[in-house]
Structures are given as structure tokens and as C-alpha cells.
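Read-outs throughout are calculated quantities, based only on the coordinates presented, and are distinct from any laboratory measurement. Model, not experiment: these values are computed from the prediction. All Cβ positions, even for glycine, are placed from backbone atoms using ideal geometry, and neighbour counts span all protein chains on display.
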Amino acid sequence: MPNEQILTVAELKSLLVARFKVERATQAKLQERLRQALGNEVQEEKPEITAVRNKFVDSLLDVLARRLKSNWCTAPLLSYQDFVEFVPSLIDEITKAEGVELEAENRKKLEKVLKAMFENVCELVHTRVLPGKNLYDEYWRWIMIVLDLAAECGILPTELLALEDAADEISRRMFTKEQFVTLTNKANHLLMDADVMKKLILQPILDMLSEGDEGERRELEQELGAEIMPLVREIAEKSKAVINIWLGEEVERIYGAA
């Protein structure tokens with residue numbers, strides 16, 4: 001385990017912010033390929049919503065930086081409770097950005113949906129490591145690789161992370177080709193699994209709409225299975241095909257042809 005005193009919380013957070021920007025740029029390229037493959041129209045996000053999302057991510061990265069600094073491996077790096085604590089302020093920001101006011105009952109329902117979604121998201125966060133690996137250790141291993149490579153190049157770590165070639169070298173030092181394929185497949189295909197989509201997004205909404213009415217819930221569940229899930233599965237299969245092609249290109253670019 002690295003000496004956690006080598007970096008301050010602010011320095012750790014700056015690395016995490018840079019890492020998030022790199023990952024988001026990569027995901028944006030993939031999402032554009034998916035959009036084209038699925039024939040979807042370009043959906044422009046409102047600047048106000050972008051600002052809300054960025055503020056939320058910034059808060060999460062702040063928690064992550066402090067956890068890494070403390071290196072208290074017995075506590076989750078990010079927990080469900082961490083996400084839940086942000087729900088009230090997140091709803092405030094969203095409603096403000098959209099210019100709407102929620103009645104108390106509707107706000108309560110939205111809080112319930114978001115908490116259920118975040119519980120599922122939290123589970124996905126902890127799948128982003130190879131089997132048998134510790135999330136704390138893997139983050140620290142990434143940090144040390146970034147610091148070492150930045151020192152070799154004679155530039156700041158945050159500047160390093162903005163370079164595509166450097167990002168590829170970090171991947172090569174972090175993972176073998178086989179490990180990279182395994183982890184990337186695991187992350188992307190999990191998010192494109194129809195049943196995961198149902199659990200992550202549709203199920204919480206279904207729970208909110210039925211509000212404990214078992215008869216209504218069964219009816220909605222049947223409608224979901226008959227009308228929505230076939231479309232979700234079709235989209236998931238088309239998306240997986242695109243991801244497979246994209247992953248092959250990424251592997252060849254980063255690791256070279258077999």
C-alpha cells in the first residue's frame with residue numbers, strides 16, 4: 001500500500017477530476033457511435049442540467065479523494081449512504097434548473113426513485129475492478145502509475161492525463177491486454193444488459209407508480225414485460241454489437257495488433 005501522505009486531498013481530487021474528464025470524453029465517443037447505430041437524434045443537454053451533473057460529480061469526487069487520503073480500507077470507497085446524502089440537494093438543483101416546484105408528495109416519490117437508482121449505481125461502482133482486486137488498492141496503483149509517468153515525462157500529473165498517448169500508456173501499465181478486455185467488457189456490457197437496465201432505471205419507476213398496490217404492480221409489470229422490455233432487449237443487443245467493434249479497435253490501438 002502506498003504512503004497516503006504523499007498527496008493532499010486537493011491533489012488527489014485534481015487527479016480524480018482529470019481522470020473523470022478523460023473517461024467522460026471516451027464515453028462520449030462511444031455514445032456517439034451508439035447513437036448513430038441506433039438512429040437516435042442528437043439530444044442537446046440543457047446547460048443548467050450539465051451544471052447540476054457536474055456539481056454532483058464534483059461532490060462525489062471530493063468524497064472519493066478524502067476516502068483515498070484516509071485509506072481506511074474497511075469502509076467502502078463509495079457507499080450507498082454517500083449517494084443518498086446528495087439526493088435532497090440534487091432534487092433542489094434539478095427543480096431549480098428546470099424552473100419547477102414539486103409538491104411534498106411528489107418530492108417524496110422522486111427521492112424514493114433516486115435512492116433506489118443510486119443503490120443500483122453504487123453496486124456497479126464496485127464492479128469496476130478485476131476479480132480478487134481491492135478498489136482502494138487499484139485506485140492507489142493508478143495514482144502511483146500516473147505520478148511515475150508524469151515524472152518520467154517531466155510534466156504535471158494533471159497535464160499528463162490530458163494526453164491520449166499517456167492515457168494509453170497508463171492502461172498498458174495497469175492491465176495486460178487480456179485484463180483490459182475483461183474489465184472493459186464487464187463494465188460496458190453490464191451497463192448494456194437489458195435486465196440491468198430494468199433494475200437500474202425501470203424498476204424504481206415501477207415501484208413509484210404502483211405505490212404498494214400489488215394488483216397495479218402486477219399489471220404494470222406485465223405491461224413492462226410485454227411492451228417495453230422487448231424494445232430494451234433489442235437496443236441492448238444492437239449496443240453490444242457496436243461495443244464489441246469499438247473494444248476491438250481500442251485494444252488494437254492501445255496494445256497493438258495480435
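Taken about its Cα centre, the chain carries a charge dipole of about 720 debye when Lys and Arg each add +1 at the Cβ and Asp and Glu each add -1 at the Cβ. With 26 Å as the limit, the listed pairs K13/K109; K69/K198; K55/K109 have K13/K109; K69/K198 beyond it between alpha carbons. Remark: region 34-40, residue by residue, has Karplus-estimated 3J(HN,Hα) of 5, 4, 5, 5, 8, x, 7 Hz, where x stands for each Gly or Pro and the curve is 6.51 cos²θ - 1.76 cosθ + 1.60 at θ = phi - 60°. GNM on the chain, alpha-carbon springs under 10 angstrom: the most fluctuating residue among P47, P157, P204 is P47. Charge dipole of region 131-191 (Cα centre as origin; +1 on each Lys and Arg Cβ, -1 on each Asp and Glu Cβ, all else neutral): 340 debye, rounded to the nearest 20.
Using only DSSP helix segments of four residues or longer, with each worth -39500 (n - 2.57), what per-residue ellipticity at 222 nm results for the chain after dividing by its residue count and rounding to 500?
Values: 13 runs with 192 residues, N = 258.
That calculation yields -24500 deg cm²/dmol at 222 nm.
Rounded to the nearest 20 debye, the dipole magnitude of region 177-258 is 560 debye, with +1 charges on Lys and Arg beta carbons, -1 on Asp and Glu beta carbons, and the Cα centre as origin. Classify region 1-122: rounded, prolate or oblate, from the alpha-carbon gyration tensor (a ≥ b ≥ c, eigenvalue square roots; a/c under 1.5 rounded; otherwise prolate if a/b is larger than b/c)? Judged from the Cα gyration tensor, region 1-122 comes out oblate (a/c at least 1.5, b/c at or above a/b).
When the chain is treated as a GNM, springs tying every alpha-carbon pair under 10 Å, which of K133, K186, K115 comes out with the largest mean-square fluctuation? Per the Cα network of the chain with a 10 Å cutoff, K133 tops the list. Kindly state, to the nearest 0.05, the FRET efficiency for Q222 paired with T26, given R0 = 41 Å and r defined as their beta-carbon distance. According to the calculation, E is roughly 0.60.
Across region 18-26, coupling constants 3J(HN,Hα) worked out from phi with the 6.51/-1.76/1.60 Karplus curve, θ = phi - 60°, read 5, 5, 4, 4, 5, 5, 5, 5, 5 Hz, and Gly and Pro carry x.
Lys and Arg at +1, Asp and Glu at -1: add these up for the other residues within a Cβ distance under 11 Å of A51 and post the number.
Working: positive: K46, R53, K55, K96; negative: E45, E48, D58, E93.
Cβ neighbours under 11 Å give a net charge of 0.
Using Cα atoms only, what is the angle between the long axis of helix 164-174 and the major principal axis of the chain, expressed in degrees (0 to 90) to the nearest 10? Here the helix axis deviates by roughly 90 degrees.
For region 177-258, just say rounded, prolate or oblate: build the C-alpha gyration tensor, square-root its eigenvalues into a ≥ b ≥ c, call rounded for a/c under 1.5, and beyond that prolate if a/b exceeds b/c, oblate if not.
Values: a/c = 5.61, a/b = 2.99, b/c = 1.88.
Taking the square roots of the gyration eigenvalues as a ≥ b ≥ c, region 177-258 is prolate.
Each of I49, I235 was scored by other Cβ atoms within 10 Å of its Cβ. Arranged with the fewest first, they read I49, I235. Taking the charge dipole of the chain about its Cα centre, with +1 at Lys and Arg Cβ atoms and -1 at Asp and Glu Cβ atoms, the residue from F175, L231, C122 reaching farthest to the positive side is F175.
Need the C-alpha centroid separation for region 193-253 versus region 111-162, integer Å. When both Cα centres are located, 26 Å separates them.
Build a GNM of the chain with springs between Cα atoms under 10 Å apart, and of A194, A18, A75 the one that fluctuates most is A75.
What the phi angles of region 143-149 give under the Karplus curve with 6.51, -1.76 and 1.60, with θ = phi - 60°, is a coupling list of 4, 5, 5, 4, 4, 5, 5 Hz, glycine and proline written as x.
Most exposed first by the Cβ proxy, i.e. fewest other Cβ within 10 Å, how do L12, L78 rank? Working shown, then result.
Values: L12 23, L78 18.
Ordered by Cβ neighbours within 10 Å, fewest first: L78, L12.
Give me the net charge of Y80's neighbourhood, meaning all other residues with Cβ under 9 Å from the Cβ of Y80; Lys, Arg count +1, Asp, Glu -1. With Lys, Arg at +1 and Asp, Glu at -1, the neighbours total -2.
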